[in-house]
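**Student:** Take a look at this one; I'll ask things after.
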Amino acid sequence: MITPKKQQHLSSHSGVSSVGLTSPQPLSYKERGLSSLPTKERARGLGLRTLNSSESGFTLIESLLAIIVVAILLSAIAPVIVLSTATRVQARRVELGSQAARTYIDGIRSGRITPPLATVATTKNPTKAQVTDDLAKFSAVKGPNSSGSLSIPNAQYKDGLYCIDGDGDGSCLHTSLVDMVVQPIVGGTVGVAPITTTTGGTEGYPLLVRVYRADAFSDTTALKPQTDADKGTKQATFTEGLGARKLPVVAVTTAIASTQTSFTQLCNRLGCTP
């Protein structure tokens, strides 16, 4: 039997602490001889699990396929985006043209804008058939000519055209995308001012208002009436491109009367029976 004193004596001679045996320290990577091995070999030497090639991320072919799929999707939706944008732009042009037409007509009715001389001969006290013939005369009036440039002061006439300034620079220029140019066509006795209260009469007169884009005057090609006889087309409210610049954005036919125009006079001019 070993007594505590003998155990202490043996421990002092063997170099082992009496507290307890110490656990061995793990070897480093260099001591194991793994530092010079490739990554996978070192991982295997350390007992770690390595990923297979199918689990190591996207391959080059998979990346190319993803790029091809994205390109196909973009090519499919790109025309839709372009058409949607062009349609919104054209709708905005039609809105600006409608505002310009209303501004001009309201100015004529209020007397703030002086109407031009009559350019279409209309029948006095016409029948319904004659009214239809007179309206056809309005549509047959040619569009304005273009010299390749345009400069009209705001709210003024020049060469039979009236300027509605849209960008606030004080004039209508052929380089502007929002300026509108009005071509008024007045019915009555050709070369004579229309009869209104300001000229001493109360009969009133028919009026056709064509509104063109100012940039339609950027070349020397003449502008078209509201129906293009050559192509049989009209200005569309939506388009996939720049639109038909030479056609009017808006064409409005209206009757100008005064507060003193009687119902009988209006019916006589429109070919109806009061």
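Every number in this text was worked out from the coordinates using simple rules, so none of it is lab data. Only a predicted model underlies this, so the values are computations on that prediction, with no experimental measurement involved. Because the Cβ atoms are built from the backbone with ideal geometry, glycine has one as well, and the counts that use them run over all protein chains shown.
**Student:** Within region 77-270, how many lysine pairs that are 8 or more places apart, or on different chains, have C-alpha atoms less than 21 Å apart?
**Tutor:** Total qualifying Lys-Lys pairs in region 77-270 comes to 17.
**Student:** Within region 107-211, list the trypsin sites (Lys or Arg not before Pro) lying in a DSSP loop whose Cβ has at most 13 other Cβ atoms in a 10 Å radius.
**Tutor:** Arg112, Lys124, Lys142
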